[in-house]
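Before any comments, here is the structure.
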Amino acid sequence: MIIKNKDLLCSKAIIGDWCNAFDKSTFNIMNPATNESIGTLPNMGEHETIKAIEIANEAFQMWKNQTVDFRSNILRSWAELIRENKDDLAVIMTMEQGKTIKESIGEIVYSASFLDWYAEEAQRPIGRMMPAHQTDQKILITHEPLGVGATITPWNFPALMVMREVAPALAAGCTVVIKPSELTPLTPLALVKLAIDAGLPLGVLSVITGDKKNTPKIGDVLTSHLKINKISFTGSTATGIMLAKKAMESVKKMSLELGGNAPFIVFDDADIDAALTGLISSKYRNSGQACVATNRVFIQKGIYNDFIVKFIKKVELLKVGNGLDADVDMGPLISIEASENMENYIKDSLLKGGELLTGGKRHKLGKSFFEPTVIANASDEMMPCQCEIFGPLTMIQKFDSEEEVIKLANNSIHGLAAYFYSNDRKRSWRVSEALKAGIIGENTVSFSTPRAPFGGYKQSGIGRNGGSEGLVEWQEVKYRCIGDLN
Ligand code: SIN
């Protein structure tokens, strides 16, 4: 597959305008399917980050004072350009991230829909008037753009995670410094290039690129600089806690979308075929590398044997390969280390009584390719039931009662997504209320939409992306009490 619009394959970062690192150093971006370099980018650090913040701060004074129509029109044109270039953007994403080309196209188109939605949402009321407590007073409550934000985004959804933050931020009138993962910076750069083509004034969005060694230095500046008003981060709970501690020293606003450990429950009364389709998609999509991916599966005893036989048949049909090949269902993992993690999880589970039903080792394609794997007799002591697997490993447990499975499902420090399948209306209501998670998939796994708030309970994060909640995350609330009016 070739990239038609070659300008989308960037070799510079954007700080106000396209630029190199001050010392001209660069780093390589690797293709996880071939382990070959697909490009180089500036290896930036503290000084470039400070410059990006200064420029974003200057741009903020201009951007916040534009009309909402001006901002919304740019967001809409940007979305159009993304859709026009979706095939090229998808090739770039698959080359640097590994997911299948079909998944990349889906993610690109979905990302653009955040721009469409927030271009509209920004037109809604930004305040309210309340009855005053004195006869000579008026009370106004207004929402204002909160200023310059920094967003630190992960490699698993290189376009979606940028757009979930940037669309509401720009719509609200904020400017943003983006630090994409060092593993997948080419997609965010290509997206921002299209934003500039769509008329976004320079400086409103900057993208700083840096390798694994420089990333913590960039993170330190972003979380401590006094001109940054908000940090948004998507990634592991451990890194989120570290960034939050630093950002709290200057009391920055924060939205954190952190790790998940999603339970997937199938009750005896469920539609089995629907549950099987849902499980394959929520577990093996993006090779299992999603915060909302199913992590622990609970099947009720009446349907257990039948479900397992059908599930294994489906898993064994999944075709693993280079995501650029059209008929592939699952690409490689992001790195060889990710494959090593999988090996450790499987070893630990089998030592603790797990039963390997299929897969279990690196795929014959080698490197970071891994076989879709299923382990039964799973239990809470096994490593992959306690942490976010981020790989194509399904851990299955059998359960007896609703009460038992709710306890098992909630037995996690995380609470991002939870799924269940049941055709009993009363049970569905009870289970939905009892599950401690920010997102519930009830007889479905396709809940992702810009219209709804996405985020977690417990250590899965703070704040929400998407929906009207996502816009408020980029606003300050001001209460004005106006007196002496009689
Ligand atoms: C995620 O897992 O973090 C995002 C996946 C999605 O919204 O579809």
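The values are calculated or read from the model by the stated rules, or taken from the named source; none is laboratory data. Note that the coordinates shown come from a computational prediction; the quantities given were computed from them, not determined experimentally. Every residue, glycine among them, receives a Cβ derived from its backbone with ideal geometry; neighbour counts consider all protein chains shown. These area figures cover heavy atoms from the full protein model, side chains too; ligands, DNA and RNA do not enter into them. Shrake-Rupley method; radii C 1.70, N 1.55, O 1.52, S 1.80 Å.
Would you calculate the volume per residue, in Å³, of the smallest convex hull containing every Cα atom of region 101-188?
Values: hull volume 9.5 nm³, N = 88.
Given the Cα convex hull of region 101-188, per-residue volume reads 108 Å³.
Compute the accessible area per residue over region 54-166, keeping the other protein chains in place, probe 1.4 Å, unit Å².
On the way: 4410 Å² over 113 residues.
Per residue, region 54-166 has an accessible area of 39 Å².
The value of relative contact order for region 352-412, using C-alpha pairs under 8 Å at least six residues apart, is 28 percent. Between the residues LEU226, SER236, ALA274, the greatest Cα displacement towards the positive end of the dipole of region 146-292, with unit charges on the Cβ of Lys, Arg, Asp and Glu, is found for LEU226.
The simple spin-label model puts a point 7 Å past each Cα toward its Cβ; for ASP306 and MET129 those points are separated by 6.3 nm.
The reciprocal of the average 1/r between distinct C-alpha atoms defines the Kirkwood hydrodynamic radius, which for region 256-306 equals 11.7 Å. For region 1-129, the Cβ-based charge dipole about the Cα centre amounts to some 220 debye (Lys, Arg positive; Asp, Glu negative; other atoms uncharged). The shape of region 421-486 can be summarised by an equivalent ellipsoid whose semi-axes, obtained from the alpha carbon gyration tensor, come to 36, 15, 12 Å from longest to shortest. Take each uninterrupted DSSP H stretch in the chain, measure its Cα extent along the helix axis, and return the ones at 15 Å or beyond whose mean Kyte-Doolittle hydropathy is at least 1.0. Helix filter hits for the chain: 160-172, 186-197.
Using 0.36 nm per residue and subtracting the Cα-Cα separation, the extra length available between THR142 and ASP87 on full extension is 15.7 nm.
How big is Rg to Rh over region 339-486, alpha-carbon atoms, Rh as the Kirkwood inverse-mean-distance radius?
Taking Rg over the Kirkwood Rh, I get 1.14.
Remark: spin-label model distance LYS352-ASN28 equals 3.7 nm, labels positioned 7 Å along the Cα→Cβ axis. Only Lys, Arg, Asp and Glu carry charge here, each on its Cβ (+1 for the first two, -1 for the last two); on that basis region 304-434 has a dipole of about 280 debye about its Cα centre. Based on alpha carbons, the Rg and Dmax found for region 117-241 are 17.6, 61 Å. Mean projected area of the convex hull spanned by the Cα atoms of region 203-260, taken over all viewing directions: 4.3 nm². Once the Cα-Cα distance is subtracted from the 0.36 nm per residue extended length, the LYS478 to SER11 segment shows a gain of 163.9 nm. Normalised by the number of residues in the chain, the average gap of Cα pairs under 8 Å and 6 or more apart makes the relative contact order 18 percent.
Above 23 Å, the calculated P(r) of region 175-333 contains 57 percent of its Cα-Cα pairs. Each part reduced to its alpha carbon centroid, region 375-431 and region 216-246 end up 31 Å apart.
Note on GLU403 and PHE70: the model spin-label points, each 7 Å out from Cα along the C-beta direction, lie 6.3 nm apart. Which loop-located GluC sites (Glu not before Pro) does region 289-392 contain, where loop means any DSSP state but H, G, I, E or B and the Cβ has at most 14 other Cβ atoms within 10 Å? Qualifying residues, ordered by number: GLU381.
From the square roots a ≥ b ≥ c of the eigenvalues of the alpha-carbon gyration tensor of region 1-80, which class results: rounded (a/c under 1.5), prolate (a/b over b/c), or oblate?
Oblate.
ARG425 to SER468: FRET efficiency via 1/(1 + (r/R0)^6), r the Cβ-Cβ distance, R0 22 Å, to the nearest 0.05? Approximately 0.15, to the nearest 0.05. Measuring spread by the Cα atoms of region 46-149 yields a radius of gyration and Dmax of 19.8, 65 Å.
Expressed as a whole percent, the accessible surface of region 1-84 that belongs to carbon and sulfur atoms is 50, based on a 1.4 Å probe. Using a probe of 1.4 Å on the protein chains alone, the accessible area found for MET95 is around 30 Å². The mean sequence distance of close C-alpha pairs (under 8 Å, at least 6 residues apart), as a share of the length of region 1-76, puts its relative contact order at 25 percent. The length gained on full extension between GLU54 and THR40, counted as 0.36 nm times the residue separation minus their Cα-Cα distance, comes to 2.5 nm.
Taking a ≥ b ≥ c as the square roots of the Cα gyration tensor eigenvalues, with a/c under 1.5 meaning rounded and otherwise prolate when a/b beats b/c, else oblate, which class fits the chain? Here the chain falls in the oblate category. For region 310-379, the extents of the C-alpha atoms along the principal axes are 38, 31, 17 Å, listed from largest to smallest.
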